[in-house]
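In what follows, a structure is listed as structure tokens, so that the remarks can point back to it.
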Amino acid sequence: MEAAGKRRQVGTNLTEGPILTTLLIFAIPIVLTNIVQQLYSMVDLSVIGQFVGNVGSIAVNTGGEMADLVSPVAMGFAGAGQIYIAQLAGSGMEDKMKKTVGTLLTFTIVCSLVLMGLGILFCQPILQLLNCPQVALSQASQYMIITALGYPFIFGYNAVCGVLRGMGESKKPLLFILVAAAANIFLDILLVAVFHMGAAGTAIATVVSQLCSFLAAFLYLWIQREHFDFELKLRYFQIDMPILKVLVRLGIPQVFRSLMVRTGMLWVNASANSYGVVVSTTNGVGNKLQKFLEVFISGVDTAAASMIGQNLGAHKPERAGKTTWVTAGCCVVLAGLSSLLCVLIPHVIFGIFTQDAAVIEMGTTFLRIFTIHFFASAITGSFQAMVTGCGFVEMGFLLGLLDGVICKIGLSLIFINVFHMGYEGLWYGVACSRIVNGVICIAYYLSGKWKTRKLLTE
């Protein structure tokens, strides 16, 4: 083991300083990064909704479902790298950190290429499975195939950012994504509003912007290559099997959890499509808005997981525990602010993305229902950050299954069939789906077992 006192060249030591101040300083760039990432899809949806209409919106929403499945895989393994590197950083094991970088990059590149091929080959069956309306099928196919070409850039960007965040560096990913956002907004307006390329234009804009964020991230990695012992040579892209086993063991539960959530949402979206164009459009726009309004909560949770991981690696369990409570307090406040917007100005929010009066009116109901989800995510995510930060991979499977399938689909079916709430039942099912997970995560925290759990670095 290397000396823990050796000064790191990249990132911030999250084991020292006032907890709230340290958390917020580290979290704010992550939150801003998440906001800009969500603007990708928000800008896409807004431009499509204003210049193409409901058919274009459905095409982007449905055609983007595959990308929404791929992104959690990229983020899951990037998150695994983040947590592992956070514990390594807390323990001062810099040599192992360097090996982890090469292993993570190589593994994610292979995964992205496989998923890109599957997305292109099975485009039509996937769209049929999603009950894509016939009028939107052509544009949805174009969108799905073009965006599949961007999967390697999604994986590459997230892998580099996972490495940096694990080391306590949250500002650089924000700069990377700002470059991409500028490209995305410009190309969206140019290709859709000016050249009238529809969903295909939006897809091209998205892929080019993803390429920009990846190139910016990779350039920074290259600049810092001495620190990471990294060179643009084949021999540096190799896999250390013991490290890969840790990343896979840590990453698969995160990927599984995210995929289960997306699987549940695929079922919800397919069910919403069966209620017609207005419900389908409302559901699509509403999902984007819900994700956007929750980026503040998820950003703080992501920061907390790294902070908890570093402190556990540095053998400071009390500071890790206090971080969890501080995170919960911050997230509840953020949930309250998001809920106020949904209650006070829902028409204004929905009107940004569509001119259809029926969709705007239905969207008001959607947003008010999802205030439940904001508070459930605030509590659940805060205590789940502890589960993630301590590397409790087994619980990840349970949480993913409960949140993604059992609770989301089960509760939706109860609201639809028992309480006869129709499409609103779908939304109530999703809104309440994280409550059970929250109870489990809080119970685990209160048990104190995380304090004595074996670290990933041991």
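Being part of a helix (DSSP H, G or I) and surrounded by fewer than 22 Cβ atoms within 10 Å (Cβ to Cβ) is a description that applies to Phe186. Among the residues of region 365-374, none qualifies, meaning not one is free of Cβ contacts under 8 Å to residues at least 24 places away in the same chain and at negative phi.
Here's the yes/no breakdown for (1) under 18 Å from Asn269 (Cβ atoms); (2) under 18 Å from the mean Cα position of the chain (by Cα); (3) hydroxyl-bearing (Ser, Thr, Tyr); (4) part of a helix (DSSP H, G or I):
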{"site": "Ile30", "(1), (2), (3), (4)": "no, yes, no, yes"}
{"site": "Ile35", "(1), (2), (3), (4)": "no, yes, no, yes"}
{"site": "Asp44", "(1), (2), (3), (4)": "yes, yes, no, yes"}
{"site": "Val47", "(1), (2), (3), (4)": "no, no, no, yes"}
{"site": "Ser57", "(1), (2), (3), (4)": "yes, no, yes, yes"}
{"site": "Phe77", "(1), (2), (3), (4)": "no, yes, no, yes"}
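Considered as a group, the residues in region 324-351 that are of a type in the set (Val, Ile, Thr) and within 30 Å of Cys390 (Cβ to Cβ) include one that is surrounded by the most Cβ atoms within 10 Å (Cβ to Cβ), and that residue is Thr327. For Gly410, the stated conditions do not hold, so it cannot be described as assigned to a helix (DSSP H, G or I) and under 23 Å from the mean Cα position of the chain (by Cα).
For region 428-458, filtered to residues that are touching a Phe, Trp or Tyr at 6+ places or on another chain (Cβ under 6 Å), of a type outside the set (Ser, Thr, Tyr) and in a helix (DSSP H, G or I), the residue that is farthest from Trp267 (Cα to Cα) is Ile442. Taken as a whole, the structure leaves Val163 outside the set of residues that are hydrophobic (A, V, I, L, M, F, W, C), surrounded by fewer than 20 Cβ atoms within 10 Å (Cβ to Cβ), assigned to a helix (DSSP H, G or I) and modelled with pLDDT under 90.
Considering only region 406-414, I want to know if a residue exists there that is among the basic types (Lys, Arg) and either surrounded by 23 or more Cβ atoms within 10 Å (Cβ to Cβ) or touching a Ser or Thr at 6+ places or on another chain (Cβ under 8 Å) (or both). For region 406-414, residues among the basic types (Lys, Arg) and either surrounded by 23 or more Cβ atoms within 10 Å (Cβ to Cβ) or touching a Ser or Thr at 6+ places or on another chain (Cβ under 8 Å) (or both): present. Among residues of region 287-318 being at pLDDT below 90 and of a type in the set (Lys, Arg), the one that is surrounded by the fewest Cβ atoms within 10 Å (Cβ to Cβ) is Lys291. Can you find even one residue in region 231-240 that is touching a helix residue (DSSP H, G or I) at 6+ places or on another chain (Cβ under 9 Å) and free of Cβ contacts under 8 Å to residues at least 40 places away in the same chain? The answer is yes, given that some residue of region 231-240 is touching a helix residue (DSSP H, G or I) at 6+ places or on another chain (Cβ under 9 Å) and free of Cβ contacts under 8 Å to residues at least 40 places away in the same chain. Filtering region 375-392 to residues that are of a type outside the set (A, V, I, L, M), buried (at least 24 other Cβ atoms within 10 Å of the Cβ), closer than 17 Å to Phe296 by Cβ and touching a Ser or Thr at 6+ places or on another chain (Cβ under 8 Å) leaves Ser377, Gly381, Ser382. Annotation note: of Gly284, Gly321, the sole residue that is touching a helix residue (DSSP H, G or I) at 6+ places or on another chain (Cβ under 8 Å) and buried (at least 24 other Cβ atoms within 10 Å of the Cβ) is Gly284.
Scanning for something over 21 Å from Leu259 (Cα atoms), of a type in the set (S, T, N, Q), out of contact with any Lys or Arg (no Cβ under 9 Å at 6 or more places or on another chain) and without any contact (Cβ under 8 Å) to a residue 60 or more places away in the chain, does region 330-338 turn up at least one residue? Yes, region 330-338 has at least one match. Can you name the residue in region 329-376 that is in contact with a helix residue (DSSP H, G or I) (Cβ under 9 Å, 6 or more places away or on another chain) and outside any helix (DSSP H, G or I) and, of all such residues, is modelled with the highest pLDDT? In this case the residue turns out to be Phe370. Residues considered: Thr364, Thr354. Of these, the only one that is among the β-branched types (Val, Ile, Thr), over 29 Å from Val387 (Cβ atoms) and touching a His at 6+ places or on another chain (Cβ under 8 Å) is Thr364.
Free of Cβ contacts under 8 Å to residues at least 12 places away in the same chain, in contact with a helix residue (DSSP H, G or I) (Cβ under 7 Å, 6 or more places away or on another chain) and surrounded by fewer than 22 Cβ atoms within 10 Å (Cβ to Cβ) - does that describe any residue in region 419-432? Yes, region 419-432 has at least one match.
The values are calculated or read from the model by the stated rules, or taken from the named source; none is laboratory data. Everything quoted here is computed from the prediction, not taken from an experiment. Heads up, the Cβs are rebuilt from the backbone with ideal geometry, glycines too, and the neighbour counts pull from every protein chain shown.
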